[in-house]
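First up is the structure itself, then whatever we jot down about it.
The values are calculated or read from the model by the stated rules, or taken from the named source; none is laboratory data. These figures come from a predicted structure and were not determined experimentally. Ideal geometry is used to build each Cβ from the backbone, glycine not excepted, and the neighbour counts take in all protein chains shown. Side chains are part of the model used for accessible areas, which takes the heavy atoms of the whole protein and leaves out ligands, DNA and RNA. Shrake-Rupley method; radii C 1.70, N 1.55, O 1.52, S 1.80 Å.
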Protein chains: 2
Amino acid sequence: MNTATSIEYVHGYSERESHRLGDQADTLAELLHEGTAYPAGSRVLEAGCGVGAQTVHLAASSPGATIIAVDHSAASLAQARDRVTAHAPGSEVEWRHADLLDLPFPDAAVDHAFVCFVLEHLADPARALAELRRVLRPGGTLTVIEGDHGSALFHPDGAAARAVIDCQVRLQAASGGDALLGRRLQPLLSAAGYTEVRVRPRTVYADRARPALVEGFTRHTFIAMVESVRADALAAGLITGSAWDRGIAELRRAADPDGTFHYTFFKAVAVNP
Amino acid sequence: MNTATSIEYVHGYSERESHRLGDQADTLAELLHEGTAYPAGSRVLEAGCGVGAQTVHLAASSPGATIIAVDHSAASLAQARDRVTAHAPGSEVEWRHADLLDLPFPDAAVDHAFVCFVLEHLADPARALAELRRVLRPGGTLTVIEGDHGSALFHPDGAAARAVIDCQVRLQAASGGDALLGRRLQPLLSAAGYTEVRVRPRTVYADRARPALVEGFTRHTFIAMVESVRADALAAGLITGSAWDRGIAELRRAADPDGTFHYTFFKAVAVNP
């Protein structure tokens, strides 16, 4: 775990967190993975696979490709392996315990790379993008998916709810990440030397007409993610316990029958020239 | 013009504004109008047609339908007529100078209704939705498209830029409107008695890979719209001249080669039961 100091995963590593990431990936899989499929025989690096929430979808969408799933947490890798065994049996996945910033591959070793919800946690995403370029063959593609909490927009709106979201943004910033990274994908990838950088918004919108999305995304992905940093936010003195509870209660109204919730993920596809 | 007191159009009525609305409609037409086409022979009410920015696209998408375009401004109607003559010649459009809240039609007079960028300017959108239901036949559809300035997200981000956008939101609120209405479409339409209310986000994202959108949307639609309220914002004491200029300069960086800009429109389709 030589990246323990370079990446502080703000959401933590609890059992509950692992479930959250699974829920999130399943609800969003179609939206996020649409358009991502690799030819049989290609070698695809998933950098920062975590607990395998995206790995199962990558493997399912690209039968015949080999997924090389890398993470700096041995515990996450073990969970990822279990998840893939359960949900995408028979898929071709190699597991590597390694540092994103120092990948154990020679230059141009993989055909494509896929990175989801990873750059937002890194203190130096440019360095990770450079390392990914190193291991990508010329002409290979990089796909990056990241959120941007600035896109969280909900009804009823409220200052208390916005304050708890802001706690999450500040905690992520304090640990070297950037919860507002999505909007920066284009300049980040361009500056790292990738070409043909195409970024597309993937907007989730949930209201009473989409109860599964209200449940799976508004409640069990976004609000659950914000709720998971309560103790850290209080410990850091960012908010009082009562203001926190008021904010969460306010935010939960977005999942009520008259509530609505909007969030945009940014998906970039670029070429290593 | 019996609605002069009920609707204060925050963007004003200048020549330049008319051009802006034209640019906006053309750039966004595909995004906003996709999926909207009415059968030949149907009577479609466009309530609040303004200068006809959407009317031309409505007419073009629904050849054979009759568009009944209503606005409370005679000057806007004249411009709308010119625009349709120039851009959608031969289309079937009836022009009516009337109040949205007191439409000159009997009950159940039209098959469908279309409303774009109108509710956000009304002090009582619920009343307008009720009046639209009155003139819609049972089983007829209502389509509503509105923006939500809370979705404006850009890189580089900056407090000065956010302050000028906030001036626009506050001015619109002061004149009885709501620049954050998009997120409320679902509860508004449901409360007005419409059924099968389906709201979908239509997200615009512009960066260096889409120069026409940077020009047509970021610069000449969104930033131009914010810029158009400078005098009002200063007169209302919402901001100083220098803070305004700093904010606009900051916002314009979103249209630079390394900048990005994101905005979500909300499109609702519902049925009059």
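Restricting the first member to the stretch A:146-158 and to residues that are at the interface with chain B (Cβ under 9 Å from one of its Cβ atoms), and the second to residues that are of a type in the set (A, V, I, L, M) and in a helix (DSSP H, G or I), the beta-carbon pairs closer than 6 Å and six or more apart or on different chains are A:PHE154/A:ALA254. State all residues of the stretch A:254-267 that are facing chain B (nearest Cβ under 10 Å) and either in a strand (DSSP E or B) or free of Cβ contacts under 8 Å to residues at least 24 places away in the same chain (or both); if no residue qualifies, say none. Within the stretch A:254-267, A:ASP256, A:THR260, A:PHE261, A:HIS262, A:TYR263, A:THR264, A:PHE266 meet the criteria.
Inclusion of A:LEU234 among residues that are of a type in the set (A, V, I, L, M) and open to solvent by less than 10 Å² (accessible area, probe 1.4 Å) is not warranted. Scanning the stretch A:72-111 for residues that are in contact with a Gly (Cβ under 6 Å, 6 or more places away or on another chain) and free of Cβ contacts under 8 Å to residues at least 60 places away in the same chain yields A:ALA80, A:VAL84. Being over 16 Å from the mean Cα position of the chain (by Cα), surrounded by fewer than 23 Cβ atoms within 10 Å (Cβ to Cβ) and under 30 Å from B:ASP258 (Cα atoms) is the filter here, so list the residues in the stretch B:115-163 that pass it. Within the stretch B:115-163, B:PRO156, B:ASP157, B:GLY158, B:ALA159, B:ALA160, B:ARG162, B:ALA163 qualify. For A:ARG162, the criteria (1) assigned to a helix (DSSP H, G or I); (2) of a type outside the set (Phe, Trp, Tyr); (3) within 12 Å of chain B (Cβ to nearest Cβ); (4) closer than 27 Å to A:ALA47 by Cβ hold in every case but one, which is (4).
Hey, does the stretch A:245-253 have a residue that's more than 14 Å from chain B (Cβ to nearest Cβ) and either of a type in the set (Val, Ile, Thr) or open to solvent by less than 30 Å² (accessible area, probe 1.4 Å) (or both)? So far as the stretch A:245-253 goes, yes, one or more of its residues are more than 14 Å from chain B (Cβ to nearest Cβ) and either of a type in the set (Val, Ile, Thr) or open to solvent by less than 30 Å² (accessible area, probe 1.4 Å) (or both).
Tell me yes or no: at least one residue of the stretch B:69-89 is β-branched (Val, Ile, Thr), surrounded by 17 or more Cβ atoms within 10 Å (Cβ to Cβ) and assigned to a helix (DSSP H, G or I).
From the stretch B:69-89, those β-branched (Val, Ile, Thr) are B:70, B:84-85; that's our starting set.
Cutting the leftovers down to surrounded by 17 or more Cβ atoms within 10 Å (Cβ to Cβ) gives us B:70, B:84.
Imposing the further condition that a residue be assigned to a helix (DSSP H, G or I) reduces the set to B:84.
Checked against the condition, which is being β-branched (Val, Ile, Thr), surrounded by 17 or more Cβ atoms within 10 Å (Cβ to Cβ) and assigned to a helix (DSSP H, G or I), the stretch B:69-89 yields at least one hit.
Determine whether B:PHE222 is touching a residue at least 24 places away in the same chain (Cβ under 8 Å), within 30 Å of A:GLU196 (Cβ to Cβ), away from every other protein chain (no Cβ under 14 Å) and buried (at least 19 other Cβ atoms within 10 Å of the Cβ). When the stated conditions are applied, B:PHE222 passes them. One residue stands out in the stretch B:184-219 among those that are more than 25 Å from B:PRO156 (Cβ to Cβ) and more than 10 Å from every other protein chain (Cβ to nearest Cβ): the one that is surrounded by the most Cβ atoms within 10 Å (Cβ to Cβ), namely B:LEU189. Contact annotation: residue pairs with Cβ atoms under 9 Å, 6 or more positions apart or on different chains, pairing a residue in the stretch A:164-182 that is open to solvent by less than 10 Å² (accessible area, probe 1.4 Å) with a partner that is hydrophobic (A, V, I, L, M, F, W, C) and at pLDDT below 95, are A:GLN168/A:VAL10; A:GLN172/A:VAL10; A:ALA179/A:VAL10.
Conditions (1) in contact with a His (Cβ under 8 Å, 6 or more places away or on another chain); (2) closer than 15 Å to B:VAL118 by Cβ, marked per residue:
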{"site": "B:HIS33", "(1), (2)": "yes, no"}
{"site": "B:PRO39", "(1), (2)": "no, no"}
{"site": "B:GLY50", "(1), (2)": "no, yes"}
{"site": "B:ALA53", "(1), (2)": "no, yes"}
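Each residue in the stretch B:213-231 was checked for being more than 21 Å from A:THR203 (Cβ to Cβ) and modelled with pLDDT under 95, and 2 of them qualify.
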